[in-house]
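Here is the structure we will look at, set down as structure tokens.
The values are calculated or read from the model by the stated rules, or taken from the named source; none is laboratory data. Just so you know, these numbers come straight off a predicted model, no measurement behind them. Note that each Cβ is placed from the backbone with ideal geometry, even for glycine, and that neighbours are counted across all protein chains shown. Keep in mind that these areas ignore ligands, DNA and RNA; they rest on the heavy atoms of the full protein, side chains included. Shrake-Rupley method; radii C 1.70, N 1.55, O 1.52, S 1.80 Å.
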Amino acid sequence: MMPTPGNTPADAGMDPITNPQVPIETTVPQVVPPVARGRRLRVPQFFSLLIHNPKSLFGLCMLGAIVVLVLLAPILAPIDPNYMNFAATGLPPGPHHLFGTTQQGTDVFSQVVWGGRTSLLIGASAAALATLIAASVGMIAAYLGGITDEVLNLVSNIFIVLPALPVLIVIFAYLPFRGGIVMVFLIALFSWSGEARVLRSFALTLRSRDFVLAARTSGESMWRIVFGEIMPNMTSRIASGFLGAFVGAILFEAGLEFLGFGGGNGVSWGVTLFWAQNNAALETGQWWHFLFPGLALALTATSLIFINYGIDEISNPRLQRVKMPKQRKNKSSADSSQVTTTAAVTGGRA
Amino acid sequence: MPFLYRRIAFYVIALWTSLTLNFLLPRLMPGKPIDAFYARYRLEIQNNPHFLDSLRIELGLPKTPLWQQYIQYIVNMLHGNFGISYSFYPTPVIDVIRTTLPWTLFLAGTATILTFLIGTFLGIVVAWRRGGKLDSLLPPVTMFASSFPAFFLALLLLYVLAYIGGWFPLEHSYSGGTDIGLNWPFLTDVADHAILPVAVIVLTGVGGWLLGMRNVMINTLAEDFITMAHAKGLSDFRVMMMYAARNAILPSLTGFAIALAYTVGGLVLIETVFSYPGVGFTLVQAAQGSDYPLVQALLMLITVCVLLANLFVDLIYARLDPRARTQ
């Protein structure tokens with residue numbers, strides 16, 4: 001629905017083949033230099049890097065809190081989210097119903113907590129599937145080159161320009177069966193393409209490295225080279241792509257459910273929002289019906305985007321914050337400040 | 001200009017793919033569209049056995065082999081012959097489109113251009129003053145705004161500004177009583193109705209452009225020619241706009257395709273929230289009402305618009321970057 005840091009316009013432009021004017025070096029800093037097998041960036045190390053970046057730490061804490069709340073749903077929200085209590089309809093937030101109740105008397109807090117399970121599960125599964133497709137397509141295209149590359153590139157470019165949400169709406173309109181699994185597959189099908197292009201350009205820079213050449217000469221299979229040699233060197237970019245896809249998938253799911261194309265019988269943030277819209281919660285002043293599920297959605301997306309922003313900063317040192325000398329305040333001494341400006345600017349090149 | 005020929009060839013392929021997808025989807029699905037229509041008009045069909053036959057012809061679903069239907073379908077689509085809407089029966093689909101398309105073009109065009117301009121400009125400023133107050137404030141704030149689901153932000157704004165505040169209209173693209181035409185009251189009324197939807201798209205979209213521009217700009221600022229420009233003693237503004245931003249904007253332009261797809265997707269939701277009578281809102285209505293001819297036509301229309309916009313950006317791109325032309 002909107003470009004996320006993992007999927008920003010800039011990333012899409014960094015495609016050394018179709019856009020040779022983007023110097024290939026700009027994509028390189030994120031690539032961990034190939035080192036001996038035992039010294040590769042392992043997962044705990046990556047995690048500790050994340051914790052040391054304030055932005056990703058903030059995002060991780062937020063996401064962690066949301067996941068814990070959702071996992072504790074049976075304890076926190078004992079009321080069945082679908083139970084209609086006709087004695088308590090349309091109540092504002094209060095001690096008995098933390099987030100109020102809907103027009104049908106269902107508890108909004110229960111719906112938000114239980115709905116989070118569906119939303120997160122569908123979002124994570126769709127994102128994982130989309131990332132798998134993106135990584136496979138991107139790396140195989142880059143590694144094999146030639147006609148395979150052309151075809152895969154064409155397919156991903158077509159998926160990039162197709163407006164995903166309208167197409168999904170139309171597919172769901174025709175589909176006689178709906179449900180979580182269908183949703184996961186369809187969302188994944190329409191969210192891998194942008195990432196595949198980015199990952200392809202990454203894999204391209206790795207393809208001609210010595211260690212890949214060595215693996216090829218020693219007769220390793222394509223799959224082993226692609227997934228065993230190339231992939232471990234771009235994990236941080238794949239992780240960031242996954243988070244971007246996660247945000248996208250959660251928003252897709254919510255959007256589709258909100259429009260009434262998800263099936264509507266489960267509990268998820270999108271379904272709650274759909275009912276809020278259907279019950280005219282807005283026109284009757286029942287703000288709690290759409291505010292809380294919407295906030296849950298927004299906070300989850302925010303947490304993921306912050307983690308992603310942190311990854312971006314970690315893997316691209318140029319984006320890390322530099323304290324700039326305060327020289328532009330006094331325009332009168334522009335001549336003397338010019339030196340410091342350029343020094344600060346070029347200082348970022350290391 | 002091989003670059004442009006290649007791009008145009010690509011868009012033709014993309015258009016053909018979406019046309020084919022559009023053709024195959026309803027025919028591959030178990031519940032055939034004609035069945036839905038049959039179910040709805042069962043009484044009429046029982047009373048008049050020829051009703052269905054005439055409908056088959058009228059709705060473009062004759063009993064012929066698939067490949068013949070396909071050719072017929074492509075010919076129909078290229079001629080703008082989209083058949084008859086089920087839900088607005090007997091209005092032709094083309095007439096429904098004629099009333100909805102201008103609204104969406106107006107909304108999407110205004111919003112996309114505004115978002116691009118604001119986001120890119122803020123990105124330039126923020127990258128230029130990296131580490132400054134604006135730089136520590138704007139990226140996180142716009143990021144937070146862009147992580148807001150667009151339709152949720154739309155609901156919020158609608159509730160706070162239109163429902164409680166009463167400063168903006170609650171729905172539709174113009175008020176009932178105004179004369180439609182090029183007169184001042186109508187234009188201000190339309191603008192009044194467009195402010196909230198456009199604001200939602202701009203608020204949620206600006207972050208992406210800002211970050212994209214900022215990140216490329218930071219890389220560009222480290223180039224030698226920037227140092228050179230400073231050394232020549234050019235003014236800061238000139239270096240920022242004419243040296244750094246001019247070069248940093250190219251990757252942003254190539255990202256236009258993705259951004260536009262997002263805008264169109266978001267627009268479907270936003271139009272629904274505001275009951276804005278555009279293509280997105282109509283698409284949702286048509287899909288919910290199983291109005292397949294309308295659904296097909298609208299999807300094709302949306303795709304064509306997105307492809308045309310992309311082609312337009314490519315033209316600009318080729319104009320701006322000589323390397324793309326000689327490639």
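Solvent-accessible surface (1.4 Å probe) assigned to B:Met228 amounts to roughly 110 Å². Taken residue by residue and averaged, Cβ atoms of other chains lying within 10 Å of the Cβ of B:205-216 number 6.
In the stretch B:221-250, comparing the full protein assembly with the chain on its own, the residues that lose 20 Å² or more of accessible surface at a 1.4 Å probe are B:Leu221, B:Ala222, B:Asp224, B:Thr227, B:His230, B:Asp236. Mean partner shielding of peptide B:137-146, defined as the number of other chain Cβ atoms within 10 Å of each residue Cβ, is 4. For the stretch A:84-134, the set of chymotrypsin sites (Phe, Trp or Tyr not before Pro) satisfying both a DSSP loop assignment and a count of at most 14 other C-beta atoms within 10 Å is given as A:Phe86. With θ taken as phi - 60° and the Karplus curve 6.51 cos²θ - 1.76 cosθ + 1.60 applied, the whole-hertz 3J(HN,Hα) list for the stretch A:233-243 is 8, 10, 4, 5, 5, 5, 4, 5, x, 4, 5 Hz, x standing for glycine and proline.
Where the accessible area of the stretch B:161-275 is counted over protein heavy atoms with a 1.4 Å probe, how much of it, in %, is carbon and sulfur? After summing per-atom areas, the C and S share lands at 64 percent. When the Cα centres of the stretch A:185-220 and the stretch B:199-273 are compared, how far apart do they sit, in Å? Value for the Cα centre distance between the two parts: 27 Å.
Placing A:Tyr83, B:Tyr243, A:Tyr143 in order of accessible area, with the largest value first and a 1.4 Å probe, yields A:Tyr83, B:Tyr243, A:Tyr143.
Largest accessible area first, the listed residues A:Val271, A:Val151 line up as A:Val151, A:Val271 when surface is computed with a 1.4 Å probe on the assembled protein chains.
Convex hull volume of the C-alpha atoms in the stretch B:93-326, normalised per residue: 158 Å³.
Accessible area ranking (1.4 Å probe, heavy atoms, ligands and nucleic acids excluded), largest first, for B:Tyr317, B:Tyr70: B:Tyr70, B:Tyr317.
Sparsely packed loop sites in the stretch A:166-207 (the chymotrypsin sites (Phe, Trp or Tyr not before Pro) outside DSSP H, G, I, E and B with at most 13 other Cβ atoms within 10 Å) comprise A:Phe177. Leaving ligands and nucleic acids aside, the B/A contact buries around 7300 square angstrom of accessible area in total at a 1.4 Å probe radius. Distance from the C-alpha centroid of the stretch A:93-136 to that of the stretch B:65-126: 32 Å, rounded to the whole angstrom. Sequence-ordered 3J(HN,Hα) estimates for the stretch A:52-59 from the Karplus curve with 6.51, -1.76 and 1.60 and θ = phi - 60° stand at 7, 8, x, 5, 6, 4, 4, x Hz, glycine and proline given as x.
Here is the list for the stretch B:231-327: trypsin sites (Lys or Arg not before Pro) lying in DSSP coil, each with at most 12 other C-beta atoms within 10 angstrom of its C-beta, are B:Lys232.
Between the stretch B:4-29 and the stretch A:270-307, the C-alpha centres lie 36 angstrom from each other.
Remark: spin-label model distance B:Ile113-B:Asp236 equals 3.1 nm, labels positioned 7 Å along the Cα→Cβ axis.
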